[in-house]
Structures are given as structure tokens and as C-alpha cells.
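First the structure, in the form of C-alpha cells, and then the observations on it.
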Amino acid sequence: MLREARDGSRGLDRRAKGSRPIADPPLQDTRRAVGGLWHACPVILAIDQGTTGTTCLVFDHEAELVGRAYREFTQHFPRPGWVEHDAAEIWAVTRAGGFGAAFAASSPNKAVSWVGFGAGLTAMVGFWATLSLNIPDFSRYAKSQRDQIIGQAIALPTTMVFYSFVGIVVTGATVVIFGEAIWDPVVVVGKIGSKWLSALALIVLAVATLSTNIAANVVSPANDFSNLAPSRISFRAGGMITAFIGIFMMPWKLVADPGGYIFTWLIGYGALLGPIAGIMIADYYVLRRKHLELRHLYQADGIYTYTAGFSLAALGAFALAVLPNLPGFLAQTGAIAGTHPLFTALYQQAWFVGFGLAFTLYLGFRKIAPVATHT
């Protein structure tokens, strides 16, 4: 900031209204090293942290205003009368030299970035595809359909857009500040150099990780394991089984490589979950018109028994919808040397491709082999 006051770079105004221009004194007389950072000696920097942004004023030794800069930050309103700023956003934007530098660093090749946008979007859809399929584990506690719709429509999109924005800005800023793209928040905090900040950040990350995983990754499988043998496996026991399986999967290896985590893991299982979502939506909204026979859900010989308890139409639609994404997945994992660009493009949109194919195929199979929807 002080360097900007001396040379007028980065758009900092060296002359406020009514002030006189100052001549640059010799470099050796005006700068000294303190803690590895350069500070200008004959000036005073005043920082005003306001409600909407930060204002910096630079005065010379005669108390003349010689420089002024202002930067506005995103405002958050957790409750009426409260205004908060995100510390990570302030740090990233300030150190990187503005949003423009951070975003430019995060996408140096626009052609590559737009090609990868679809794959990144598919990975994020795959990330949330698990929770979207088992959302009844939570929405069943809502007092009404309206309550759960409003809760999901407002809470999830707004928070995830904000978190994604902060992640993109901070990762882009690390390219400018540290010379490399760092997406792991633990590594970023460690590079800041503050022991107290690192300790606090690790505590917050630990609490966030535990709370997120308990809600998103434990409730559903715990219910599933419990339903396999309700008399023997309680919900708590199902949660413990889930925890042990989660450890044995070694998830730290998945997130160790950003490319592997996003393009292999997230898109890979998104290729499986997309067809499941397509079949469920086609069956419930189109075929059954949102009507279920509650009594038959609990009967071994009801209309939902299908063929010995299995829906061959759903299984066939699932297998055929996954198939086009298989070559791209094998090429991504290195199981095969390469594949046709068409299969690579399909795999990068795996969730959407699987969803659309399964949706269409399932309804087509039900035209050939119709089933009862009402009793």
C-alpha cells in the first residue's frame, strides 16, 4: 500500500484535493526492511475499516494527505443489524492486488478454463448428488413440503455460491502471492505464518469437517445399515460401521491430488449417481404422477415387488446409462491408454449424460413393460 503511495501505481491517487505534490526522496533514505516487508519512513499510514470496505490514507511528515485508496468487500448480514466481512476474502484480495489479479491468475488460459468448466460443474453436481438422493433422511422431519422447499432453495444455493466464490478467489490469489495454486485451506493457513491464526483455523476446520460429515456422510448410510437388520443394528451401530468404512477408504488419499479428486472421484461416482436420479425422477414424477401406494411399500407381494424384488427396467436403464461414461472413466484412471475424444467429452458431463439417458430409457422400458401405478 505504501509503495503505491510513493509511485502512484495501482491507481492510488498521490494527490488529494487541495494537497501539494511531493517529490520522491532518495530510495536509501526512505525505505528500510522490517520483518521482510518494505515500509516508507517519512509517511504515516492510517487505516479506516468501515462497514462496507477499507480506506487507507497516507500523510507526509507535514500532515498533508498525499495518497488515498479504498477497497470494498462483500458484506454479509447474519442477523438484522449485523454486518460481517470474510477474512479470507480480505486477505486474498489485498495480498493479490485485487479481484482482477486473483481471477486472472486462476484462469490464465480462457480456452482451457471454459473447456474445464463443464467438468468442474459435473464434479460439483456429483459432490451434492449423494445428499440429493438421500435428502428424505432430513426432509421427512420438515413440518410441510413448503418448509423443506424454501429451506433448500434459499440455504443451499446461496451458501454454496459464497463458499465457492471465496475458494476461487483465495486459490487464484495464491498463484499471485506464492507462485503456485494452493487449494487446500490447511496449506494456505500454514503459509500465512501466524501460529495463532493457524491454530484457530485448524480448530475451525476440525469442527466444520466433523459437523459436515456427520450430517452429510453418516446419517444416510447409518439408516441404511440399520434397515438391513433393525433388530440387530441400531442407528448408532450403523454410524459406527460407516465411520470405520470411511477410515478404511483412506479419504486423505483422495484429496491429496486435486485432479484425481475432482476428475476421477467426483465425476466417477457422479456417473453412477446421475442415472439413479434420472430413474427416480422419471418413475415418481412422470410414471406415477407423484402418487405412491403407501400400504404396498411394506408388502412383499405389493405392486412394488416387480420381479422377485428387483425392477429389471430400472436396472437395465441404469446399466445402459452408465456405459457411455465408462471409456472416459477408464482413460482418466489410466486403466486404458486413451479413448476417443467423444467419450472424454461425455465423461466430463457424466452426471448429466447418465441422468438424461436413464430418464429416457426407463420411461421407454415402461412403455414396453408397463407396471401398475394404482390399486
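The values are calculated or read from the model by the stated rules, or taken from the named source; none is laboratory data. Computed from a prediction, not measured in an experiment: that's the story for all the values here. Here the Cβ is made from the backbone with ideal geometry for all residues, glycine too, and neighbour counts use every protein chain on show. Note: accessible area is taken over every heavy atom of the protein model, side chains too, but ligands, DNA and RNA are not part of it. Shrake-Rupley method; radii C 1.70, N 1.55, O 1.52, S 1.80 Å.
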By accessible area of protein heavy atoms, probe 1.4 Å, what ranking do His340, His291, His296 get, highest first? His340, His291, His296
Tell me which of Ala237, Thr264, Met249 sits at the most positive position along the dipole axis of segment 232-309, charges placed on C-beta atoms (Lys, Arg +1; Asp, Glu -1). Ala237
If you place +1 on the Cβ of every Lys and Arg, -1 on the Cβ of every Asp and Glu, and leave all else neutral, what size is the dipole of segment 271-375 about its Cα centre, to the nearest 20 Debye? 260 debye
Among Leu363, Ala308, His374, pick out the residue whose Cα is farthest towards the positive end of the charge dipole of segment 233-375, where Lys and Arg carry +1 and Asp and Glu carry -1 on C-beta, about the Cα centre. His374
